[in-house]
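Take a look at the structure set out below.
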Amino acid sequence: MPPRCHAEACALVVVSHPRAQSPERLRDSAGVAVLTGRLLESGFAVMLSGDGGPTTWGSPAALETAARDHAEATRHFFWNGHTYALGLSMGGLLALRSALPGSPYGVEGVALIDGWVSLDAAWRASADRRAEIRAAYGLTTPPLPGLDPLRALEGRPPLPLFVVSSPDDRLVPQAGNADQVFLHAEVGLSARVHVSGPHLGGNRFTPELARRLAGFFGAIEARTPPQYGF
């Protein structure tokens, strides 16, 4: 975290990882470091979340684990009470779930890079994903609509969203994920970033995209009075 976050109140960005990865993998990724480095330079503390395991698919149990890590993290710097979420690929499900009513910690804006947001779409994507989702959610049947964070957005107030996706992404279909979640974006603060190329390609981790990401969270901070506290 920025050293100044011990003297000045800072917001926290929780980063949720892709499928079969970990916070250590994110820490060691040169591409992810471009994004997190810019966030740190912009005065945000950053937490690389374990999300409860490598294939938790945004489950409620994964969110409870992230909440414990969030509570621990915010004891180690001067936190201003604001939290934001960044979800990469599978991590989009947890990032979005953390911003829904009833989350154990409040999230005021969500960024998604090639993010899954539809649990139903992930379930239908492959047999491997179905098996992982069954295990993560403790299911014996397909997930009910109430478990899907995308469905849970219906009827809720719009969210500040920063959504990056590519029509060339064959792993996380843009039409069923990015296009659908952006229908729930708050006008004015939200941004839809169209890129090209395959899933989690290098153009998702450029200094320019990192600048826009930090600017998105910064714009929300600018309109929200801080709630100083440790």
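The values are calculated or read from the model by the stated rules, or taken from the named source; none is laboratory data. Since this is a predicted model, take the numbers as computed values, not measurements. Note that we place each Cβ from the backbone using ideal geometry, even for glycine, and neighbour counts take in every protein chain shown. Please note that ligands, DNA and RNA were not included when accessible areas were found on the heavy atoms of the full protein model with its side chains. Shrake-Rupley method; radii C 1.70, N 1.55, O 1.52, S 1.80 Å.
Structure values in brief
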| read-out | value |
| --- | --- |
| D (Stokes-Einstein, µm²/s), Kirkwood Cα radius, the stretch 4-81, 1.306 mPa s at 10 °C | 121 µm²/s |
| Compactness of the stretch 156-230 - radius of gyration and Dmax, Cα, Å | 14.3, 44 |
| Å³ per residue enclosed by the Cα convex hull of the chain | 109 Å³ |
| Largest-first ordering by accessible area, 1.4 Å probe, given options Asp69, Asp169 | Asp69, Asp169 |
| C-alpha long axis of helix 207-223 to longest principal axis of the chain, angle in ° | 70 degrees |
| On Cα atoms only, tilt of 30-41 relative to the major axis of the chain in degrees | 40 degrees |
| For Glu154, solvent-accessible area (1.4 Å; no DNA, RNA or ligand), Å² | 120 Å² |
| Nearest-ten-degree value, helix 127-137 long axis tilted from longest Cα axis of the chain | 60 degrees |
| Nearest-20 debye value, the chain charge dipole, Cβ charges on Lys, Arg, Asp, Glu | 80 debye |
| Separation between Cα centres of the stretch 74-109 and the stretch 116-159, rounded to whole Å | 19 Å |
